[in-house]
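The values are calculated or read from the model by the stated rules, or taken from the named source; none is laboratory data. Nothing here was measured: the structure is a model prediction, and the numbers come from that model. Quick note on the areas: whole protein, heavy atoms, side chains included, nothing else; ligands and nucleic acids left out. Shrake-Rupley method; radii C 1.70, N 1.55, O 1.52, S 1.80 Å.
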Amino acid sequence: MTPSTSLAMTHFVTIAKELDKDKVTPGVLGFIVFAVMGLAVWALMKSMNRHMGKVDFEEAPEPGTEAETSAAGTKADKG
């Protein structure tokens, strides 16, 4: 371990000893991070909904149904 990392670890250990293990909470930073993630998900869902509204999709008929439809049309014309 280099001297600077050893010094940093010593400072972190003293901070950790001061905390009461029964009273550790996420705090304000945890709330801010959670709120930002919630807003980001809401914005992404709103954007996705807007983009899905623009989609104009017509499903192509299945290959087997085209032959049946054309055959049924020719039978109806003859009959």
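Values computed for the structure shown
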{"quantity": "Residue match in the range 6-28 (condition: at pLDDT 85 or above and open to solvent by less than 100 Å² (accessible area, probe 1.4 Å))", "calculated": "yes"}
{"quantity": "Meets criteria (at pLDDT 85 or above, open to solvent by 100 Å² or more (accessible area, probe 1.4 Å), part of a helix (DSSP H, G or I) and of a type in the set (Phe, Trp, Tyr)) for Phe34", "calculated": "yes"}
